[in-house]
Amino acid sequence: MNQTALRNNLVVLSGNSNPGLFKEICSYLKIAEGKASVERFPEGEIRVQIQQNIRGRDVFIVQSTCTPPNERLMELLILVDAARRASASRVTAVLPFFGYARQDRKDKPRVPITAKLVANLIAVSGADRVLTMDLHAGQIQGFFDIPVDHLYSINVLGDYFRKKRLKNLVVVSPDVGGLKMARAYSKYLNASLAIVDKRRESERETHVMNIIGEVKDRNVLLVDDLISTGGSLVEAAKALKKEGALDVYAAVVHPVLAGSAVEKVSQSVIRELVVTNTIPIPPGKQSPKIRVLSVAKLLAEAILRIHSNESVSSLFAQSGVEA
């Protein structure tokens, strides 16, 4: 599709969650930033108005459901509803970070499956499809009754560590649940694989039991989909150093960084924590140990392919993941 047709038919809008990423995506696509007002009434209700004509156009709404998650989720739902009522031909919810993804099953009696509830809300609000990145659990795609395109940041994070040319590298999963992701990185980086066997004492505390695999005298790359309080990652890094690991790096897609997570990382044995900008890091939560890589190009390319009805999975042909 030529650039003129692209500009005429494609509109990218955004809520208040990640304005920097939104601007980067529009810049890569070489289109004007979509105009939408997302404000608050005095009592706190969200007030949305799309400030341009989108009738018959292909609309993508970029919104991470990050802190504060309930506010960001409501902004997304109202934006989708506004776009649908403004007669958009198709509305795609672009969630670089899908919040509530950790609540994807009944792991205790009488608890909800909130990830499924959020999936229902997005579909009922009027979204025709969803574009998201590195879900906490891949099966969440099945919670949606609309098409889902699931992106992976392994090309972005993996290429960064390829360029470092770390010797004797071992990729480590901080828990058994992240083994599939760690295996993809080990294949991508041509490195060996290890696992940290841990026990979760509470929502905030974990205890490392064993390390499965050889890490002594090796550089370590811990990989995970998100970092919240930082406790698990820091404890895993400490255990790895205790077992004789050399430098410990971490590659984490979504920097939730709740509470004192940044302080924990800054004071830990982790040499460098590399994250993406699926969630913006506020100025007060930055650290010399934390490096942010942009996924704007990846998201923009996926948006362009969806808009042009081309393959999205081909973006990951060489990454070792199953898109």
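Residues Leu226, Leu222, Leu257: which one is under 18 Å from the mean Cα position of the chain (by Cα) and on the phi > 0 side of the Ramachandran plot?
Only one candidate qualifies: Leu257.
Those strands (runs of 3 or more DSSP E) of the range 83-177 in which at least 1 residues are farther than 30 Å from Ser37 by Cβ, of a type in the set (Gly, Ala, Ser) and touching a strand residue (DSSP E or B) at 6+ places or on another chain (Cβ under 9 Å), considering only elements entirely within it, cover 169-173.
Mind telling me which of the residues Val130, Val80, Val94, Val148 ends up being in contact (Cβ under 8 Å) with a residue 60 or more places away in the chain, surrounded by 15 or more Cβ atoms within 10 Å (Cβ to Cβ) and β-branched (Val, Ile, Thr)?
Working: Val130 fails: in contact (Cβ under 8 Å) with a residue 60 or more places away in the chain; Val80 fails: in contact (Cβ under 8 Å) with a residue 60 or more places away in the chain; Val148 fails: in contact (Cβ under 8 Å) with a residue 60 or more places away in the chain.
None of the other options fit; the residue is Val94.
Those residues that are modelled with pLDDT of 95 or more, part of a loop (DSSP other than H, G, I, E, B) and polar (S, T, N, Q), I need them from the range 1-29; list them, please. Reasoning before the result, please.
Start the filter on the range 1-29 by keeping residues that are modelled with pLDDT of 95 or more, which leaves 10-29.
Subset that is part of a loop (DSSP other than H, G, I, E, B): 15-18.
Within the range 1-29, Asn16, Ser17, Asn18 qualify.
Every condition in (1) under 29 Å from Ala258 (Cβ atoms); (2) surrounded by fewer than 16 Cβ atoms within 10 Å (Cβ to Cβ); (3) under 23 Å from the mean Cα position of the chain (by Cα) holds for Ser27 except the one numbered (1).
Restricting attention to the range 274-310 and to residues that are within 15 Å of the chain's Cα centre (by Cα) and among the small types (Gly, Ala, Ser), the residue that is surrounded by the fewest Cβ atoms within 10 Å (Cβ to Cβ) turns out to be Ser294. Of the strands (runs of 3 or more DSSP E) lying entirely inside the range 203-273, those containing at least 3 residues that are buried (at least 22 other Cβ atoms within 10 Å of the Cβ) and in contact with a strand residue (DSSP E or B) (Cβ under 8 Å, 6 or more places away or on another chain) span 219-227, 248-255.
Quick grid of which residues meet (1) in contact with a helix residue (DSSP H, G or I) (Cβ under 9 Å, 6 or more places away or on another chain); (2) of a type outside the set (S, T, N, Q); (3) in contact (Cβ under 8 Å) with a residue 60 or more places away in the chain; (4) surrounded by fewer than 18 Cβ atoms within 10 Å (Cβ to Cβ):
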| position | (1), (2), (3), (4) |
| --- | --- |
| Val12 | yes, yes, yes, no |
| Glu39 | no, yes, no, yes |
| Asp58 | yes, yes, yes, no |
| Val62 | yes, yes, yes, no |
| Thr67 | no, no, yes, yes |
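Residues of the range 274-312 that are over 23 Å from Asp247 (Cβ atoms), assigned to a loop (DSSP other than H, G, I, E, B) and either hydrophobic (A, V, I, L, M, F, W, C) or free of Cβ contacts under 8 Å to residues at least 24 places away in the same chain (or both): Ile279, Pro282, Val295, Asn309, Glu310, Ser311, Val312.
The values are calculated or read from the model by the stated rules, or taken from the named source; none is laboratory data. This structure is a prediction, so every number in the text was calculated from the model and none was measured. With ideal geometry, Cβ positions are generated from the backbone for all residues, glycine too; neighbour counts draw on all protein chains shown.
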